[in-house]
1. Could you tell me whether ALA133 is touching a residue at least 40 places away in the same chain (Cβ under 8 Å), touching a Ser or Thr at 6+ places or on another chain (Cβ under 8 Å) and over 16 Å from ASN29 (Cα atoms)?
2. Just to check your reading of the model, which residue among THR30, THR62 is at pLDDT 95 or above, of a type in the set (Val, Ile, Thr) and closer than 30 Å to GLN172 by Cα?
3. Restricting to region 21-43, name every residue that is buried (at least 20 other Cβ atoms within 10 Å of the Cβ) and in contact with a helix residue (DSSP H, G or I) (Cβ under 7 Å, 6 or more places away or on another chain).
4. Only residues that are surrounded by 12 or more Cβ atoms within 10 Å (Cβ to Cβ) and among the hydroxyl-bearing types (Ser, Thr, Tyr): list them for region 189-210, please.
5. At least 2 residues that are more than 22 Å from the chain's Cα centre (by Cα) in each: list the helices (runs of 4 or more DSSP H) lying fully within region 3-121 that qualify.
6. Of the conditions (1) of a type outside the set (S, T, N, Q); (2) surrounded by fewer than 16 Cβ atoms within 10 Å (Cβ to Cβ); (3) touching a strand residue (DSSP E or B) at 6+ places or on another chain (Cβ under 8 Å), GLY46 fails just one. Which one is it?
7. Kindly list, by first and then second residue, each pair from a residue in region 99-112 that is touching a residue at least 40 places away in the same chain (Cβ under 8 Å) and assigned by TED's automatic domain parsing to the domain that holds THR45 to a residue that is assigned to a helix (DSSP H, G or I) and among the hydroxyl-bearing types (Ser, Thr, Tyr), limited to pairs with Cβ atoms under 8 Å and residues at least 6 apart or on different chains.
8. Of the residues THR191, THR200, only one is modelled with pLDDT of 95 or more, outside the structural domain of ILE99 (by TED's automatic domain parsing) and more than 20 Å from the chain's Cα centre (by Cα); which?
Amino acid sequence: MRLNDKRLAELEALERDLGYRFNDKELLNTALTHTSYVKGENRHTGHNERLEFLGDAVLELTVSEYLFINNPGMNEGLMTRVRSRAVYENALFDAATGINLGNYLLLSHGEEHTGGREKPSILSDALEAVIGAMYIDGGIEPAKRFILSFAVSFINDAIRTVTVKDNKTLLQEYIQQQHAGSLEYEVISVTGPDHKREFTIEVSLNGKPYGRGKGSSKQEAGQNAAHATLIMLGAAEAKEN
């Protein structure tokens with residue numbers, strides 16, 4: 001796709017906000033091209049899905065490295081949860097709106113009229129595509145600098161949020177982020193006298209039993225069952241509670 005002077009000027013304005021000047025402007029333009037622009041309008045040009053795939057990997061690597069270096073006492077399970085929250089769609093949407101990325105997208109007329117420039121899914125995907133383009137154009141270092149320019153605050157917020165959340169909330173968020181299905185909590189048994197009850201609760205995921213937990217209340221047993229399930233799913237370690 002040949003870029004006219006108007007489009008080149010737009011891309012140069014975006015580059016200033018990105019803090020990076022592309023050697024290949026067409027690569028950046030592709031990162032900003034939504035599939036609707038190509039398929040819906042029957043245009044013969046590339047779109048950003050492959051760059052989005054690559055950018056997602058670069059984003060996760062950068063955040064993982066940052067967590068590993070700057071949090072030597074943080075275990076693998078907690079790092080996984082923090083990373084998932086830091087690179088969640090809403091965080092990427094906030095970063096994309098911060099640089100007015102929607103203004104530079106190429107969309108179909110239909111997507112334009114339905115508010116495509118403000119849709120969180122489109123903007124977060126486009127941001128990942130820009131990261132992928134930056135990686136291809138200049139390598140890992142400029143991509144990392146750009147990611148950390150917006151991600152550090154999200155990482156720190158995620159650390160504060162994740163470490164104070166209860167296990168049932170953490171499990172629910174993990175299942176949603178992994179698109180793993182639906183959760184159910186079932187009381188398996190209630191034992192002991194009235195003044196000293198012990199509840200046993202089991203977590204099921206899509207009907208398959210996972211972790212069990214015991215406690216003097218349903219709430220405590222449910223929290224312990226959720227924690228056991230997080231361990232089974234590899235999202236927490238046994239020493240966490």
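The values are calculated or read from the model by the stated rules, or taken from the named source; none is laboratory data. The shown structure was predicted, so the numbers you read here are calculated from the model rather than taken from an experiment. Positions of Cβ are generated from backbone atoms using ideal geometry, with glycine treated the same way; all protein chains shown enter the neighbour counts.
1. Details: touching a residue at least 40 places away in the same chain (Cβ under 8 Å): yes; touching a Ser or Thr at 6+ places or on another chain (Cβ under 8 Å): yes; over 16 Å from ASN29 (Cα atoms): no.
No, not satisfied.
2. Checking each option against the conditions leaves just THR62.
3. Of everything in region 21-43, those that are buried (at least 20 other Cβ atoms within 10 Å of the Cβ) and in contact with a helix residue (DSSP H, G or I) (Cβ under 7 Å, 6 or more places away or on another chain) turn out to be PHE22, LEU28, ASN29, THR30, ALA31, LEU32, HIS34, SER36.
4. SER189, THR200, SER204, TYR210
5. Passing ranges, in order: 5-18, 25-31, 35-39, 109-113.
6. Condition not satisfied by GLY46: (2).
7. Filtered contacts from region 99-112: LEU106/TYR37; LEU107/SER36; LEU107/TYR37; SER108/SER36; SER108/TYR37; GLY110/SER36; GLU111/SER36; GLU111/TYR37.
8. On the way: THR191 fails: modelled with pLDDT of 95 or more.
Testing whether each residue is modelled with pLDDT of 95 or more, outside the structural domain of ILE99 (by TED's automatic domain parsing) and more than 20 Å from the chain's Cα centre (by Cα) leaves just THR200.
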